[in-house]
1. Considering amide H positions built from the backbone, and no H for Pro or chain starts, which residues 5 or more places from B:Val77, or on another chain, come under 5 Å of its amide H?
2. Which of the peptides B:296-304, B:355-363 is most tightly packed, and how do the rest follow, judged by the mean count of other Cβ atoms within 10 Å per residue?
3. Given a cut-off of under 8 Å on Cα pairs at least six residues apart, what relative contact order in percent is computed for chain B?
4. Give a residue-ordered list of calculated ³J(HN,Hα) values for region B:488-498 (Karplus: 6.51 cos²θ - 1.76 cosθ + 1.60, θ = phi - 60°; whole Hz; x for Gly, Pro).
5. Kirkwood Rh over alpha-carbon pairs of the protein assembly as shown, then Stokes-Einstein at 37 °C and 0.692 mPa s: what D in µm² s⁻¹, rounded to an integer?
6. Counting other C-beta atoms within 10 Å, and keeping those with at most 12, which DSSP coil GluC sites (Glu not before Pro) do you find in region B:409-475?
7. Provide a whole-number value for the mean count of partner chain Cβ atoms within 10 Å of the Cβ atoms in peptide B:598-608.
8. What is the P(r) of region B:336-534, as percent of Cα-Cα pairs per 10 Å bin from 0?
Amino acid sequence: MNPMNYVILAAILFSIGAAAVLLRRNAIVAFMGVELMLNAANLALVAFSRIHGELDGQIMAFFVMVVAAAEVVVGLAIIIAVFRARQTISLDEPAELKG
Amino acid sequence: MQSLIWLAIALPLASAAVLLCLGRRADAWGHWMGVAASGGAFLVGLGALIEMLGKPAEERALDTTLYTFIPGGDLHVDVGLLADPLSITFVLLITFVGTLIHVYSVAYMEHDKDRRRFFAYLNLFVAAMLLLVLADSYLLLFVGWEGVGVASYLLIGFWNYKPEYATAANKAFVVNRIGDIGLIIAMGIMFTTFGALDFATIGELAGNASTATLTAAGLALLLAACGKSAQFPLQSWLGDAMAGPTPVSALIHAATMVTAGVYLIVRSAPIFEGAPNAQVVVAIVGAITLTLGALIGMAKDDIKKALAASTMSQIGYMMLAAGLGPVGYAFAIFHLITHGFFKAGMFLGAGSVMHAMNDQVDMRRFGALKGAMVVTWVTFGLGWLAILGVPPFSGYWSKDKIIESAFVGEGWQPWVFGLTALIGAGLTAFYMSRLFFMTFHGKARWTDEVHPHESPALMTVPMIILAVGSAFLGLILATGDRFTTWLEPVTGHVEHHEPVLPVAVIVALTLILVALGAVGAWFKYGRAEVPQEAPSASLATITARNDFFQDSVNRAVFQRPGQHVTRTLVYADAAIVDGAVNKQARGWSSLGSASRKLQTGQVRSYAATMLVGLVIVIAVIVVGGL
């Protein structure tokens, strides 16, 4: 199978993730969008690794996974903190940094 | 003792430092320490005098270098003290009269809660004045020059809780500053010309310099002298300086500091030697001031201001003599010494009168005080006879010599200067007699609440000593030309010159004018009734009462235009310099306000921005083929 298809799939997944982040107000859903984008990137890295016959991309994918795990921890903690403070997880609600 | 002359400066300086540092803790004994420091300085001076008298005349000067002040390449300045006949004369005058006035002040300032601070300033003044006269270079002289300026400022404004007194102190300081610039310019000229600032080098090299340079330096020195000695056209501060306590007026504004200008001119003899034009200007300034001061003195009703005008006039005599060149130098200093005694004595007498009259100064409310204050009357009377130039009192020996010398010379000069000095003597007799009769004779015109009484012994004893000096000092010093011979190593030997009129005629004319002035004053102010309010008077009297409108002239010619200049500069600074900076800052500020709008606080809009940015970057990379 043509490895290029994986790259296209990665692009589609990334776009779905980005759309989720931009369009959904629910923080959990937006968070899932972020995860989707990370995994799309992983897929692209692995696909490129295959195309070029080198292992660099796969190693990079492992790093992304580690970072993503850490990000999930921090991100969920923030969401919980926000929920405790305001009883909502809407992304549009906290706007204190408005200039 | 001559090599230890630095002690004379160190003692009062140390005392001033102690009094100022200890503060209230020294209140109980501070004034007596001040007296002791001044007296100690006098003893040092006396020791130096005795040592000098034991040496032959030409070896009497001793220049001691204490340490190097500025060791800088071309400009090498040592702190050195020059103890020669001229400076020792001044040291003795300053410390002797100064110590007497210190003693007097102990009683005069008794009820002032800041008496200790007063003595600290007095000691500071004595130290600075001694530094001024003992310095062996212009730069060190300048240090003392500024020091006495500061002390004078502090003492004029001693009662600075009264705004007009504080203003008087500021006025004295500012006018003196104009003179100081003259001294700085003179030092600049001398340094570029001679490469040194000490009297010895300049005395040696002055002959080589061009007349133009010497004239410029001489005129700059004259400006300095005018500021310090209240000579025309910088005379306006002296009258207001009477705001200070009376002992200050006696010490600083009669006997010592105001004569520093005369000292400067005499000390700069080598410069004036080569600049006859500058010398004539000095004499003209002296002649103008002596007339101006006498005319102002005739119209003033304030006893201290009348005495201040008289001081101005008498210093005018000294300047006139100093402007005559070597023929007059010794007499200028002679008159300075006798004047120091009789004028300080009269100021102390005026202080005693004020003490008795609840600090009133209006002579129209005095009168008939001779019965109430016999000692003050007699001592003041001796000073009065001395300043009139009645033989054999001090003033006769010194002032007559100046009038005689003024008649020496060729062309128009002896006639103009001589006649001015001669008429000045008559005017002096009139205004001093007016002051004397208005205060001590005639009918009592006292305000209801005053009860005149004689002052305590601490005040009368210094007055008596000064009165004895006013009476006999001139005779003692003039006998056998003692004083002129003593000063000869400094002022140079002068062959006797014949005045354009015979000496006997001059003396006779002087005495006739003096008698006319005194008798005139007696008829107008001694025998006749003196109105308690100043009567409306002719334009001439009003002019003299207002010091010849000098303040108005200064205000119109210098102060107002100066204020306009500064206001314009302030406006330009605010509008252009500050304006440019502020405009720029405002621009950046509004740019910041505009860009602040981008910060929406919406997380999703930030994410969108990032995404759009990312797309643009990728598009650039892909399309641009980078």
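No lab work stands behind these numbers, since they all come straight from the coordinates. All figures in this text were calculated on a predicted structure; none of them were measured in a lab. Positions of Cβ are backbone-derived with ideal geometry, glycine not excepted, and every protein chain shown enters the neighbour counts.
1. Those lying under 5 Å, H to H, from B:Val77 are B:Phe69, B:Ile70, B:Gly72.
2. Working: B:296-304: 23.1, B:355-363: 18.3.
The densest-packed peptide leads the list: B:296-304, B:355-363.
3. On the way: 1023 pairs, mean separation 73.8, N = 626.
Averaging sequence separation for qualifying contacts and normalising by length gives 12 percent for chain B.
4. So the J values, rounded to whole Hz, are 3, x, 9, 8, x, 7, 10, 5, 5, 9, 8.
5. Using the Kirkwood radius from Cα pairs, D works out to 106 µm²/s.
6. When the GluC sites (Glu not before Pro) of region B:409-475 are filtered for loop state and at most 12 Cβ neighbours within 10 Å, B:Glu410, B:Glu449 remain.
7. Working: counts 1, 3, 4, 7, 6, 9, 8, 3, 1, 7, 4.
Mean shielding count: 5.
8. 9, 31, 32, 18, 9, 1, 0
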